[in-house]
Amino acid sequence: MEETQPFKSDRILEEIRKRKSQDQDTQQEEEQVKLVVFTLEDHYYALKGGDVKEILTVQKISRVPGTPEFMLGIINVRGDIQSVIDINLFMGLPSTQTSPDSRIVIAENNGVRSGILVDRVQDVLDMPGNAIQQPISTLKDSIRYFVAGEFAYRHHNVTLLDAGKLFEKMTENL
Amino acid sequence: MTTALEKFTIEGFQALLFRVQDILFAVDLEHIDELLELHQLEVGGDRLRRFDRLLPFGSAPVIYRDPRILTVHYRGSRLLMQIDQPEDITFIRLENMHPLPALLDRVRETDFIWGVGLVREAPVLLVDCLKIAAACQQDGSLAGNAILNSETHAKT
């Protein structure tokens, strides 16, 4: 009995599909997100690398009267004036204490730029996009708004913050 | 035709620098009539406005170490503002002035601080005395004239 040969066009289509599927797998593998991981107290947080403009050592922060407590003040960054905020205070937690490891992470999103005082910058890493999970449902609504996701890093649970939504929430609360 | 007014460009302003609670402020010297010591104020002390009450400094008490009084005339009234530790008079150039950072600008409670100057690389908060005087006039707390015993000799 003569074996039926698939049409050439079917073979070509099959090959095209196979290659596309391989391409997708490769793309998924390659979809990396750059993240800046830092700590506040014992908690691990991260910001997207694209939102982080620079990381500075802590300098004297000049307080500005008539602003909320979480607004720590302003600093001179090579002739530019930047604000500095304390996320912990904004979330109703004890204020961030400075130490030699403390850093000011300058973040920018939607045209708003501000420094964020952190205890320590732990790492700058590339993470596969699919490793970032949805934020846990037990988070308070006020915090959940500016949490973009969560991921595991060296046995720690890291909360990924959305800088744009964080800044938005800070102005909204007034 | 170009008028004299159109030719006028602001290069900066002569500023009085002072410090309250270790924060450096600057006011436009053009807006200041007098810089007095506390003892030169004889009557109307109730009309004296402490700087830290005009610009909320938070819950911690503000201690004045070397208090002085700035007098600012505004539309027929006079603002008597108690400041602390006058430090210097310096010209702040326009290129050394910056608007408030966007986030801070959105969360501030008053518009008395309108920008930031850099003096010897240190940030200095630029305060608009006339805006303060206008606000005080609106709430009726500006002093009338003739409340300073030393009005004549203070100017000399």
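The values are calculated or read from the model by the stated rules, or taken from the named source; none is laboratory data. Keep in mind that this is a model prediction, so the values were computed, not measured. Because the Cβ atoms are built from the backbone with ideal geometry, glycine has one as well, and the counts that use them run over all protein chains shown. Accessible surface is based on the protein model in full, side chains and every heavy atom, while ligands, DNA and RNA are left aside. Shrake-Rupley method; radii C 1.70, N 1.55, O 1.52, S 1.80 Å.
Things to note:
- Check on B:T71, assigned to a strand (DSSP E or B) and polar (S, T, N, Q): yes
- Pick from segment A:62-117, criterion within 10 Å of chain B (Cβ to nearest Cβ), within 17 Å of the chain's Cα centre (by Cα) and surrounded by fewer than 20 Cβ atoms within 10 Å (Cβ to Cβ), ranking: nearest to B:I113 (Cα to Cα): A:G111
- Residue check, B:I92 touching a residue at least 40 places away in the same chain (Cβ under 8 Å), over 13 Å from the mean Cα position of the chain (by Cα) and more than 12 Å from every other protein chain (Cβ to nearest Cβ): yes
- Among the residues listed as B:D52, B:D84, B:D105, the single one being among the charged types (D, E, K, R), open to solvent by 10 Å² or more (accessible area, probe 1.4 Å) and within 16 Å of the chain's Cα centre (by Cα): B:D52
- Some residue of segment B:120-131 being outside any strand (DSSP E or B), open to solvent by less than 10 Å² (accessible area, probe 1.4 Å) and at pLDDT below 95: yes
- Qualifying residue in segment A:130-143 (condition: within 30 Å of A:R63 (Cβ to Cβ) and either touching a Leu at 6+ places or on another chain (Cβ under 8 Å) or aliphatic (A, V, I, L, M) (or both)): yes
- Evaluated against (1) more than 16 Å from B:V27 (Cβ to Cβ); (2) away from chain A (no Cβ under 13 Å); (3) in contact with a Gly (Cβ under 7 Å, 6 or more places away or on another chain), B:P56 falls short on exactly one condition, (2).
- Evaluation of A:V33 against the conditions (1) in a loop (DSSP other than H, G, I, E, B); (2) open to solvent by less than 40 Å² (accessible area, probe 1.4 Å) shows that the sole unmet condition is (1).
- Qualifying residue in segment B:96-110 (condition: out of contact with any helix residue (DSSP H, G or I) (no Cβ under 6 Å at 6 or more places or on another chain), assigned to a strand (DSSP E or B) and more than 14 Å from every other protein chain (Cβ to nearest Cβ)): no
- Of the strands (runs of 3 or more DSSP E) lying entirely inside segment A:36-137, those carrying at least 3 residues that are over 30 Å from B:D22 (Cα atoms) are A:43-48, A:120-128.
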